[in-house]
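First comes the structure, then the notes that go with it.
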Amino acid sequence: MSIAQEAGLDLVEVSPNAEPPVARVMDYGKFIYEQAKKEREARKTQKQTEVKEIRFRPKTNEQHRNMRVGSAREWLEEGMKVKVRVRFRGREITYPELAKEQLDEVAQMLTDVAVVEQTPNLEGRTMLMILAPKKK
C-alpha cells in the first residue's frame, strides 16, 4: 500500500484466490479506460448481419415469386440473410402444404447462393424459412 501511495497509483488485487494473493500497482482509471477502448475497437470490427424479408401468399403466381427471388438472390450475394414468409389469410391456413411447396421451390431456386438455416415451420398464420448466404 505504501509503495502505491508513494507512486501516486492504485493497488489492484489481480488474483484474490491465489496463495499468496496477487496485487499490482497501476493507475486503475487508465486501466479501465484502455479496456473500454479495446472493447469499442472490437465492436467496430464485428460484422453485423442484416436480415431482409420477402413475403408471399399461398396463391402468389410464379412470375411474382421469381421477381422476389431475384431480390433475395441479390441480398444473399451481398452477405445478408433472407427470411422467406408465406402469410395465410382466411381459410388458406387449411392448406399448409401449398406454402411448404412454395418455400421448398424458393430454396431450390437459391441453392447456388444460399443454405437453409431454418427449415419451413408454421408459426401462427405464417410459415417461415430463413436462408443464409453460402460460405465462400
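Every read-out reported here was derived from the displayed coordinates using simple, explicitly stated rules and does not represent laboratory data. Note that the structure is a prediction, hence the values are computed from the model and not measured. Using ideal geometry, Cβ is built from the backbone for each residue, glycine included, and neighbour counts are taken over all protein chains shown.
Here are the numbers for the structure shown:
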| item | result |
| --- | --- |
| Breaking point among (1) without any contact (Cβ under 8 Å) to a residue 40 or more places away in the chain; (2) in contact with an Asp or Glu (Cβ under 7 Å, 6 or more places away or on another chain), for P58 | (1) |
| Conditions (1) without any contact (Cβ under 8 Å) to a residue 40 or more places away in the chain; (2) closer than 30 Å to L122 by Cβ; (3) outside any helix (DSSP H, G or I); number of the one not met by R24 | (2) |
| Boolean, K81 is over 25 Å from T49 (Cα atoms) and crowded, with 17+ Cβ neighbours inside 10 Å | no |
| Scan of the stretch 27-76 for residues that are surrounded by 11 or more Cβ atoms within 10 Å (Cβ to Cβ), basic (K, R) and in a helix (DSSP H, G or I), ordered by number | K30, R65, R68, R73 |
| Hits in the stretch 107-131 (condition: of a type outside the set (G, A, S) and not in a strand (DSSP E or B)) | Q108, M109, L110, T111, D112, V113, R125 |
| Scan of the stretch 77-95 for residues that are among the β-branched types (V, I, T) and either within 22 Å of V115 (Cβ to Cβ) or not in a helix (DSSP H, G or I) (or both), ordered by number | V82, V84, V86 |
